[in-house]
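Colleague: Take this structure, written in C-alpha cells, and hold onto it; I'll ask about it next.
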Amino acid sequence: MKCKVKLPVIILCIFFMSGCIAFTPIFSGVFGMDDPNLFIKTEPLYILPLPQGKNSFILMQGIGGKFSHSGNETWAFDWAMPKGTSVYAARKGIVVGIRNEPEDDKIPLESRKANYVRIMHDDGSIGVYAHIDTTWMTPGRRVESGEVIALSGNTGFSTRPHLHFHVERDGRSIPIAFMDVSDELGIPRAGRTYRR
Ligand SMILES: [Zn+2]
C-alpha cells in the first residue's frame, strides 16, 4: 500500500527535477529557444569562430531566437564570451568591411552601433562577426580560416558580452553548418556549450 502512495510522488519529483535541469540554461542567460523549423541541412563549410582549447562557450541565442534573431538575421548565432576573447575567422575570404569605433556610453543602448568585421567568401557570401571590441583588420585583407581577426566585446545593442556570427547573401542571413559541431546537421543550438 505504501508503494502505491509513494510512487506517484517520486515520479512527480523526477518530473520537476528534470524540468529544472532542462530550463537551467534560461536562467543562465539564454535568450529564447531555437526554431526547429529552421534547421536546414547544408554543407558544413565553417569552423566555429571560437578559441581552441579548454574554454567552452554557451550559445545564448541560436537560429530563430526570439530575442533578436528574426528577419534578415534569422540564421545567426550568439556565443556568450568574456570581453577580449580572440575571435577566429570561420572561413577564409577577403575583409570587405569593418567598424572599429570606441563605445559612447552617452548614446542610449538601443541606438548604439556594434563594431564588426565582414569577410567575403569565395562564393560571394559574407560572414559577419559583430559586437566585437576591437579589430586590426582592414578592407581588402586576405584572411585564412582559423585566423584571429578581432577581440570580442559588448559594443552596440548588446546586454552582455558575446559574439554574434551569421553569414549573409544579398543582405539576408542564410543557413550554414559547422564542420566541428558533432551532431548530424552541424548546427549549434541555444543553451548548449561549444568549443573548438
Ligand atoms: Zn545575435
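Every number here is computed from the coordinates shown, using simple stated rules; none is lab data. Because the structure is predicted, anything quoted here is derived from the model rather than measured. Using ideal geometry, Cβ is built from the backbone for each residue, glycine included, and neighbour counts are taken over all protein chains shown.
Colleague: Got a sec? Charge dipole of the chain, +1 on Cβ for Lys and Arg, -1 for Asp and Glu; which of ILE119, GLY140, LEU45 is way out at the positive end?
Modeller: Projecting each Cα onto the dipole axis, the largest value belongs to LEU45.
Colleague: So, how do all the Cα-to-Cα distances of region 31-194 break down into 5 Å bins, in percent, from 0 on up?
Modeller: Histogramming region 31-194 at 5 Å steps yields 2, 10, 19, 24, 22, 16, 6, 1, 0, 0 percent.
Colleague: Would you pull out the residues with amide H under 5 Å of LEU50's amide H, same chain only if 5 or more places away, H placed 1.01 Å from N?
Modeller: Those qualifying (amide H under 5 Å, at least 5 residues apart or on another chain) are TYR88.
Colleague: Now for a different question. Return the loop-located chymotrypsin sites (Phe, Trp or Tyr not before Pro) in region 82-142 (DSSP other than H, G, I, E, B) with at most 15 other Cβ atoms within 10 Å of their own Cβ; answer none if there are none.
Modeller: Passing sites in region 82-142 are TRP136.
Colleague: Still on this structure, I have one more. Give the angle, between 0 and 90 degrees and rounded to the nearest 10, that separates the Cα long axis of helix 2-27 from the longest principal axis of the Cα atoms of the chain.
Modeller: The angle comes out at about 10 degrees.
Colleague: Residue farthest toward the positive end of the dipole of region 69-111, with Cβ of Lys/Arg at +1 and Asp/Glu at -1: which of VAL95, HIS69, MET81?
Modeller: Most positive-ward Cα: VAL95.
Colleague: Could I ask something else about it? If you only keep lysine pairs separated by 8 or more in sequence, or across chains, how many in the chain come under 25 Å at the Cα atoms?
Modeller: 9
Colleague: Using a Förster radius of 30 Å, what is the FRET efficiency between LEU109 and ARG169 based on their Cβ-Cβ separation? Nearest 0.05, please.
Modeller: Working from the Cβ atoms, E equals 0.55.
Colleague: Let's see if you can work this out: charge +1 on each Lys and Arg Cβ, -1 on each Asp and Glu Cβ, no other charges. What is the dipole magnitude of the chain about its Cα centre, in debye to the nearest 20? Each step should come with its number before you reach the end.
Modeller: Values: 23 positive and 20 negative charges, 156 e Å.
It works out to roughly 740 debye.
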